[in-house]
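Before any comments, here is the structure.
The values are calculated or read from the model by the stated rules, or taken from the named source; none is laboratory data. From a predicted model like this one, the values you see are computed outputs, not experimental measurements. Here the Cβ is made from the backbone with ideal geometry for all residues, glycine too, and neighbour counts use every protein chain on show.
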Amino acid sequence: MSAPVLAVEDLRVELATAVGGLKAVRGVSFAIARGETFALVGESGSGKSMTALALLDLLPRNARRSVGTLRLDGVEIGALPEPALRRLRGNAAAMVFQEPMTALNPVLTIGEQMTEGLLTHMPETPTVVAARRAVDLLARCGVGEPERRLLQFPHELSGGLRQRVMIATALMTGPRLLIADEPTTALDVTVQAQILDLLRELQRDLDLAILFITHDLALVRRFAARVGVMYAGRIVESGPTAAVVEAPSHPYTRRLLACAPSLAAPRGHRLGFLSGLPPRLLCTPVGCQFRARCDVAGDACATDPPLRESAGGVAYECIHPPSEIAVRGPDMRSPPPTGAEARAGAPDAEAASAAPLLRAHGITVTYRLRGGFLARATTLTAVRDASLEIPPGRVLGLVGESGSGKSTLARVVLGLETPQAGQVTIGGMALGTLDRRARARAVQPVFQDPYTSLNPRRTIGEIVRAPLDILGLHARDERAEVAAAMLERCGLPRHMLGAYPVQLSGGQRQRVAIARALVSGPRLVVCDEPTSALDVSIQSQILNLLQDLQASLGLTYLFISHNLAVVRHLAHRVAVMHRGVLVETGDAEQIFADPQHAYTRQLIAAARG
């Protein structure tokens, strides 16, 4: 067997903080062969991205790295001085970041950014040769009209095109190692599939070694030959992907897999959950760091776990053998709502046949695009003659690619956009006849990014209480108690009322956003990608919470997502949107089992991989 392209042994990263040294990466070891993909998975804060940055010494200034062995193509690079490392970055190894819009310079053209690295590392290269290579790589990465793209700026490209440009830029100098840090997280399912196919093709043609970092376990199944599961700065389980996914040995891996929705699972089943939070790692960790969240932990787990090997070449750090975990492990699904909560408002045949709570008929939205020098003004039709209905207590999943018109239709339902044609009614009342207060009582949104949708200068208590103050609901001295009760109902303790959004995790912030949306008592909630920015473990908690709140409060959801597994899990009916048109609408089970429209079949095929 040839030497691996990348070999890492005992990698450690410590971050200096005001309260002590934080052990972000603790003794990580792995290797990647030529033409192989190795994936790192785990929750936010597990150390995945910090590991990737440490490989190329791109760490923040308060970080200190130490490593036993760090070899790239057989050359020890762990102790290289900065000038030598600078020559290595972008030459022998390159990185593709999660968000290309922030990674690309907005004031430089695509051509300037693509050729910069090549001309820096190989200054003898003629500019025309560098430009020709950029054109060739863009074409190879599936970018149409590559010569014209070189003259454009990042904001003129779609998300998928920007990510393709990032990949092409990373390949300009012919690296042997490509580090891809969440390269498909913000992309639609079809674009995501295209990017993965592109990486596979490039890997095959160029014999690339790829380190693939993600929290999406479905992507790992489809793309990586081997996987390492990270928790609290360590790889707690690693091995061939099929062996790890089909028969996980570590309790943490089992929990992660139970959290992920699946296209094959029954609709509405309870997702797995991970209670508690990861350790802060401010002192020298002792024992299994997962034991506080593990239901099979015992006194022996207070000592450092041994490295075990199970069938299929899987290595894992746990004192318990897999057979014992399987026997002693509890039901990993989230506990269902109890008693009256489970019965109240539960969707049933009667609810499905009731008069629709939401009815949108013949909605058309057009925009007038201003012209410029040598360009005429044009009209863009974002939504064309769209009609949909949602009975009370039901969930309609709205799916489609970016730019298909989903969010525009959602803004119409929220009363934030006035259609040129058509009408929206909620509870039999035309939305256009309601004033702002009545509209706010009827429908509320939950947005994709809870951090940008929450006022950072307001406490959690003020944020959740704000709708009550604005709408004049309840007596003034009762509003704080109503807000606290709704926060508790959304799974957050009262002591968080005085906290600020920056002090909360992503999942906690999304719970605050849900509490704020529900505190005024709306019957209809528009959920616009409410879990796409969350880890799989937090995503499962939010999806279970939405199910529980629907059951207990009799809520109706318009649920927008590009994640078909999430829609399959939650929605009773599905509406598929393509280029502003609703091309297929029907029962979720029927659409996923037997899609009729070619575009729907394409979406589902891309999601299944």
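Data overview
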{"quantity": "Single condition THR69 does not satisfy, out of (1) more than 30 Å from GLY276 (Cβ to Cβ); (2) surrounded by 15 or more Cβ atoms within 10 Å (Cβ to Cβ)", "calculated": "(2)"}
{"quantity": "Candidate set from the stretch 199-216 (those that are buried (at least 20 other Cβ atoms within 10 Å of the Cβ) and assigned to a helix (DSSP H, G or I)); member that is farthest from the chain's Cα centre (by Cα)", "calculated": "LEU202"}
{"quantity": "Those residues of the stretch 417-438 which are assigned to a helix (DSSP H, G or I) and more than 18 Å from GLU389 (Cα to Cα), in sequence order", "calculated": "THR433, ARG436, ARG437, ALA438"}
{"quantity": "Some residue of the stretch 289-307 being touching a Pro at 6+ places or on another chain (Cβ under 7 Å) and modelled with pLDDT under 55", "calculated": "no"}
{"quantity": "Residues within the stretch 253-299 that are over 27 Å from HIS572 (Cβ atoms) and small (Gly, Ala, Ser), tallied", "calculated": "6"}
{"quantity": "Wholly within the stretch 494-609, strands (runs of 3 or more DSSP E) carrying at least 2 residues that are free of Cβ contacts under 8 Å to residues at least 40 places away in the same chain and touching a strand residue (DSSP E or B) at 6+ places or on another chain (Cβ under 7 Å)", "calculated": "581-587"}
{"quantity": "Candidates GLY160, GLY142 - the one that is part of a loop (DSSP other than H, G, I, E, B) and either out of contact with any strand residue (DSSP E or B) (no Cβ under 9 Å at 6 or more places or on another chain) or of a type in the set (S, T, N, Q) (or both)", "calculated": "GLY142"}
{"quantity": "ALA92 within 28 Å of GLY117 (Cα to Cα) and small (Gly, Ala, Ser)", "calculated": "yes"}
{"quantity": "Residue identified as surrounded by 24 or more Cβ atoms within 10 Å (Cβ to Cβ), under 26 Å from SER46 (Cβ atoms), under 25 Å from the mean Cα position of the chain (by Cα) and at pLDDT below 90 among THR531, THR452", "calculated": "THR531"}
{"quantity": "Cβ-Cβ under 6 Å pairs, at least 6 apart or on other chains, the stretch 11-35 side without any contact (Cβ under 8 Å) to a residue 40 or more places away in the chain, far side buried (at least 17 other Cβ atoms within 10 Å of the Cβ) and not in a strand (DSSP E or B)", "calculated": "ALA31/PRO4"}
{"quantity": "Any hit, the stretch 93-115, residues being part of a loop (DSSP other than H, G, I, E, B), at pLDDT below 90, of a type outside the set (Phe, Trp, Tyr) and more than 26 Å from the chain's Cα centre (by Cα)", "calculated": "no"}
{"quantity": "Residue check, ALA421 surrounded by fewer than 19 Cβ atoms within 10 Å (Cβ to Cβ) and among the aliphatic types (A, V, I, L, M)", "calculated": "yes"}
{"quantity": "Matching residues in the stretch 361-416 - criterion: being of a type outside the set (A, V, I, L, M), in a helix (DSSP H, G or I) and at pLDDT 90 or above", "calculated": "LYS406, THR408, ARG411"}
{"quantity": "Contacts under 8 angstrom Cβ, first residue in the stretch 184-201 being farther than 17 Å from VAL165 by Cβ, partner surrounded by 21 or more Cβ atoms within 10 Å (Cβ to Cβ) and aromatic (Phe, Trp, Tyr), 6 or more apart", "calculated": "ARG200/PHE223"}
{"quantity": "The lone exception for LEU88 - which of (1) modelled with pLDDT under 85; (2) farther than 21 Å from ALA7 by Cβ it fails", "calculated": "(2)"}
{"quantity": "Among the candidates ALA79, ALA63, ALA54, residue that is farther than 19 Å from GLY239 by Cβ and buried (at least 20 other Cβ atoms within 10 Å of the Cβ)", "calculated": "ALA54"}
{"quantity": "Residue in the stretch 463-478 that is modelled with pLDDT of 95 or more, in a helix (DSSP H, G or I) and of a type in the set (Val, Ile, Thr) present", "calculated": "yes"}
{"quantity": "Set ASP295, ASP304: member being under 25 Å from GLY506 (Cα atoms), part of a loop (DSSP other than H, G, I, E, B) and touching a Gly at 6+ places or on another chain (Cβ under 7 Å)", "calculated": "ASP295"}
{"quantity": "Check on ASP57, at positive phi, acidic (Asp, Glu) and touching a residue at least 40 places away in the same chain (Cβ under 8 Å)", "calculated": "no"}
{"quantity": "Any chance ALA243 is more than 15 Å from the chain's Cα centre (by Cα), at pLDDT 85 or above and of a type in the set (Gly, Ala, Ser)", "calculated": "yes"}
{"quantity": "Single residue of the stretch 164-197 satisfying the filter (small (Gly, Ala, Ser), more than 21 Å from the chain's Cα centre (by Cα) and within 18 Å of GLY35 (Cβ to Cβ)) that is surrounded by the fewest Cβ atoms within 10 Å (Cβ to Cβ)", "calculated": "GLY174"}
{"quantity": "Count - residues of the stretch 424-461 that are over 18 Å from ALA410 (Cα atoms) and either in contact with an Asp or Glu (Cβ under 9 Å, 6 or more places away or on another chain) or outside the structural domain of ASP528 (by TED's automatic domain parsing) (or both)", "calculated": "1"}
